[in-house]
Amino acid sequence: MRYLKLAAAATVYAVACSALTANVVPVLIDQNLSPAVAAATAGLLGIGSITGRLIGGFLLDRFNGNMVAAICVLLPIIPITIFLNTDGSQAWAALACLVMGLSIGTEVDCCVILPRAISERAISAPCSARSTGCCCLATGWRRSLPTTATM
């Protein structure tokens, strides 16, 4: 049941973030930035996402994953607040896009790590066996699957 709650929360978060990222250029244009500047500023989402993956992995290795995930989910409040309260500032728009990218990148790491906190044996072993099987089929590697995990 906890896994389903985590999956539902991750889905809701992903849909909300997708809506924000897909519409960031029109939002920036609406804030009186030129289309070229808006597109260049939106490119910071990708840089923030890559950086967020690295920082998220570092934080998940050293701190409680639940706390890192909670902060990650709350992080988009900052860009939304910036978008609502600033008008036409490229610096604020760049900061908002960078923070949104950081949140998206960290969320990806949290979705990978947190199921292990729920049940190492119940979720990770079958997923590991399925992943190994898919990799074997994709690469043509013909050895048998691990026998410790049951599907």
Q) Taking Gly56 and the conditions (1) open to solvent by 40 Å² or more (accessible area, probe 1.4 Å); (2) touching a residue at least 40 places away in the same chain (Cβ under 8 Å), which numbered condition does it fall short on, given that it satisfies the others? A) (1)
Q: Could you list all residues from region 59-79 that are surrounded by fewer than 20 Cβ atoms within 10 Å (Cβ to Cβ) and either under 11 Å from the mean Cα position of the chain (by Cα) or on the phi > 0 side of the Ramachandran plot (or both)?
A: Val73
Q: Among the residues of region 84-97, write down those that are part of a helix (DSSP H, G or I) and either of a type in the set (Val, Ile, Thr) or open to solvent by less than 40 Å² (accessible area, probe 1.4 Å) (or both).
A: Ala93, Ala94, Ala96, Cys97
Q) Within region 1-38, which residues are of a type in the set (S, T, N, Q) and assigned to a helix (DSSP H, G or I)? A) Thr11, Ser18, Thr21
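The values are calculated or read from the model by the stated rules, or taken from the named source; none is laboratory data. In this text, all values refer to a predicted model and were calculated from it rather than measured experimentally. Virtual Cβ from ideal backbone geometry, glycine too; neighbours counted across all protein chains shown. The area values use the complete protein model at the heavy-atom level, side chains included, leaving out ligands, DNA and RNA. Shrake-Rupley method; radii C 1.70, N 1.55, O 1.52, S 1.80 Å.
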